[in-house]
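Have a look at the structure below, then the notes.
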Amino acid sequence: MTSEILVNVTPMETRVALVENGAVQELYIERSQTRGLVGNIYKGKVVRVLPGMQAAFVDIGLERAAFIHASDIDLNRVDNEPHKPIQTLVREGQALVVQVIKDPMGTKGARLTTALSIPSRYLVFMPASDHIGISQRIDGEEERDRLRTLVASVKESEEIEKGGFILRTAAEGVGEGEIQSDMNYLKRLFRVLGERMKENKPATVIYEDLPLYLRVARDMVKTDVEKIRIDSKETFSKVHEFVTKYTPEVKSVFEYYPGERPIFDLFSVEDEISKALSRKVELKSGGYLIIDQTEAMTTIDVNTGAFVGHRNLEETIYKTNLEAVTAISRQLRLRNLGGIIILDFIDMDDEEHKRQVHRMLEKHLEKDHAKSKVTGVSELGLVEMTRKRTRDSLEHVLTEHCHICEGRGRLKTAQTVCYEVFREILREERAYSTAQYLVLASQQVIDSLLDEESSNVADLEEFINKPIRFQVEPMYSQEQFDVILQ
């Protein structure tokens, strides 16, 4: 599998697309005004303690107070031991150094922890831990043991008495020199941060994670990534300087794209973004998915559509479900769907088919950077899964609720609005005395009143013994209308 990363930079935003075998798999968008906060470290101030929820609200200088649970403060707890009560861990007005682990979403503030972690190219430094961990994506016990021994040795030689490390996926195969360089960088950085923690006032930032284009250079350069193309010369220069300083061995991967045609158009990324905002996802066989996001969960419904198969119904269902698995795993990454996700596969009678669909889903999810947990296929053909959510989905980043339908995704029919108009006229007739009525509404509603509902309009005029006039208001949506007394 070959991968390319495309970086599209404008003064307002940076967009990054991960393309695998010609298909867009992941999208990252960072806007200058709404940059993500995950990884940032703040000196906060506890503004409210909630014993009932075993949590506290912390002011870190944002519009909304951030949230921290007792489990993210009581870090020395032994497994199976109950957490200490929140009121014994923090008090109102107390200064607290915290790190954002989940961006603000909707009406919810950021989620915090006191377990600080600072990433570099190969390592993540954890000041409050002595543990040496290794990325689950690094296979082979021999390599894991080698890396664990190497980090312990370098840590001792650098005289780092306090603090633990996690070896990132990129550390696979690296030698002592790279690990030592990373460890020195993290040691120097944390010394600076320690001074800021003492000197800074509450509700101020201590450490900000790198901007998106530099995080690409730090986090996304893997063995299967052939090229990282950047369409901004200024950004390319900054990335080149960063890579030359910290990871010179991957300089050849980066490339400046000077083409006249926009880089996202060249690789059809813009089309994929448009499709990722649609409810319906077409499958090559003729089947399709329906994806609905709600506050509590996301549901994905699989349908056979026009696919009829060649042998029998069970074969058609099985093939559609297998194709849907590939599409679903891609859509989860592309749309960055998180939380509880319900997959409604087409019902299968064959138990082996159910197992194959489940196995393929788990296999595809192994490529996903976000952790997920999947249940088996139920008798109803449902699969329940969770996917870790640390930032807003693509839909939440790029869209807002429709002010016309109030987020329902549906509009009242013209006939329904006509009957609302009739009821409003009767309501006004009982309350006020007037010579005639003027109805202002959209073109569709006025057309319906003068055509399909004309006999009902005549009956209403006769009933109230008043004339009713109609006027199209071009700026009105289908649900809007006004009844004017004249």
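Laboratory data are not the source of any read-out in this text; all were calculated from the coordinates shown. Treat the numbers as computed from the prediction; the structure is a model and nothing was measured. Please note: Cβ atoms are built from the backbone with ideal geometry, for glycine as well, and neighbour counts cover all protein chains shown.
Which of ILE342, PHE267, ALA66 sits closest to the plus end of the dipole of the chain, meaning its Cα is farthest towards the positive end, when Lys and Arg get +1 and Asp and Glu get -1 on the C-beta?
Checked the options; the winner is ALA66.
How high is the relative contact order of segment 353-486, in percent, with contacts defined as C-alpha pairs under 8 Å that are six or more residues apart?
Rounded, it is 24 percent for segment 353-486.
Mind ranking 260-270, 172-182 by how tightly packed they are, going by the mean number of other C-beta atoms within 10 angstrom, highest first?
Values: 260-270: 14.5, 172-182: 16.5.
Ranking, from highest mean packing down: 172-182, 260-270.
Under the classification rounded if a/c is under 1.5, otherwise prolate if a/b is larger than b/c and oblate if not, where does segment 152-263 fall, given a ≥ b ≥ c as square roots of the Cα gyration tensor eigenvalues?
It is oblate, given that a/c is not under 1.5 and a/b is not larger than b/c.
Report, in debye and to the nearest 20, how large the dipole of the chain comes out about its Cα centre when Lys and Arg carry +1 and Asp and Glu carry -1 on their Cβ.
On the way: 65 positive and 80 negative charges, 405 e Å.
With only Lys, Arg, Asp and Glu charged at Cβ, the dipole is about 1940 debye.
I'd like to know how segment 322-384 sits against the 2.2 N^0.38 Å rule of thumb: what's its Cα Rg over that expected value?
The reported ratio for this selection is 1.06.
Give, in whole angstrom and from largest to smallest, the semi-axes √(5λ) of the equivalent ellipsoid of segment 350-393, with λ running over the eigenvalues of the Cα gyration tensor.
Ellipsoid half-lengths, sorted descending, are 23, 12, 6 Å.
State the label only: which of [x] 27.1; [y] 23.9; [z] 23.1 corresponds to Kirkwood radius over Cα pairs in Å computed from the shown model?
[x]
From the convex hull of the Cα coordinates of segment 208-354, what is the mean projected area in square nanometres?
So the Cα hull casts an average projection of 12.9 nm².
Starting from the exponent 0.38 and prefactor 2.2 Å, build the expected Rg for segment 1-140 from its residue count and divide its actual Cα Rg by it.
1.30
Stokes-Einstein D for segment 368-486 at 10 °C, 1.306 mPa s, Kirkwood Rh over Cα pairs, in µm²/s? The partial results should precede the final answer.
Working: Rh = 18.1 Å.
Calculated translational D: 88 µm²/s.
How long are the three semi-axes of the equivalent ellipsoid of segment 66-184, in whole Å, if each is the root of 5 times an eigenvalue of the C-alpha gyration tensor, listed from largest down?
They are 31, 16, 14 Å, listed largest first.
Across segment 335-471, how many lysine pairs, 8 or more apart or on two chains, come within less than 30 Å at their alpha-carbon atoms?
Step by step, the pairs that qualify in segment 335-471 add up to 12.
Would segment 15-84 count as rounded, prolate or oblate if I go by the C-alpha gyration tensor, calling it rounded below 1.5 in a/c and otherwise prolate when a/b exceeds b/c, oblate otherwise?
Oblate is the answer for segment 15-84, as a/c is 1.5 or above yet b/c matches or exceeds a/b.
Using packing as a proxy for protection, rank 400-408, 378-386, 477-485 so that the peptide with the highest average count of other Cβ atoms within 10 Å comes first.
477-485, 378-386, 400-408
Could you tell me how many degrees, from 0 to 90 and to the nearest 10, lie between the Cα long axis of helix 176-199 and the main elongation axis, the longest principal axis, of the Cα atoms of the chain?
70
Starting from the Cα of ILE404, step 7 Å toward the Cβ, then list every residue of segment 271-287 with an amide N under 18 Å from that point.
278-279
Under 13 Å Cα to Cα from LYS227, which aspartates and glutamates show up? Leave out anything in the same chain fewer than 8 places away.
Within reach: GLU4, GLU20, GLU255.
For segment 273-400, what size does the Cα cloud have along each of its three principal axes, sorted from largest down, in whole Å?
Here the Cα extents, ordered largest to smallest, are 44, 27, 24 Å.
Between GLU260 and THR2, what is the label-point separation in nm under the 7 Å Cα-to-beta-carbon projection?
Spacing of the two 7 Å Cα→Cβ label points: 2.7 nm.
What distance in nm separates the simple spin-label points at THR244 and LEU380, each placed 7 Å from Cα in the Cβ direction?
6.1
Would you list which aspartates and glutamates come within 15 Å of LYS284, measuring only between C-alpha atoms, while excluding same-chain residues fewer than 8 positions from it?
Output for LYS284: GLU323.
Listed highest first by mean packing, meaning other Cβ atoms within 10 Å per residue, what order do 318-324, 356-362, 289-295, 450-456 come in?
Peptide ranking by packing, descending: 318-324, 356-362, 289-295, 450-456.
Output the antiparallel fraction of DSSP beta bridges having both residues in the chain, as a percent to the nearest 5. Can you show the working numbers first?
Working: 65 of 87 bridges.
So the antiparallel bridges in the chain amount to around 75 percent.
Straight-line reach from LYS198: which lysines fall under 16 Å, measuring Cα to Cα and dropping same-chain residues less than 8 apart?
Correct list for LYS198: LYS43, LYS45.
Given R₀ = 35 Å, what would the calculated FRET efficiency be for GLU141 paired with ASN76, taking r from the Cβ atoms and rounding to 0.05?
Once rounded, the FRET efficiency stands at 0.75.
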